[in-house]
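Only the coordinates and a few stated rules stand behind these numbers; no lab work does. Quick caveat: nothing in here was measured; it's all calculated off a predicted structure.
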Amino acid sequence: RPAALQTASVLEGVFENITRNVVQETVNRNETLPPTEAIKITTMAGCSAVKK
């Protein structure tokens, strides 16, 4: 069995703690970062036309 699925062991507690910390840090990161924006193309210079 994978170590993450073992019950009543030290590894179970360690994996639960790591998972809890990762989730908490992800929530903190999402709350503090500004929302992402779509990339805006401002010029077509350097873009080649598609040839059919």
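Numbers below:
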| item | result |
| --- | --- |
| Residue-span extension gain [V22 to I41] - 0.36 nm each, minus C-alpha spacing | 3.3 nm |
| Area projected by the alpha carbon convex hull of region 3-45, averaged over all directions, nm² | 5.6 nm² |
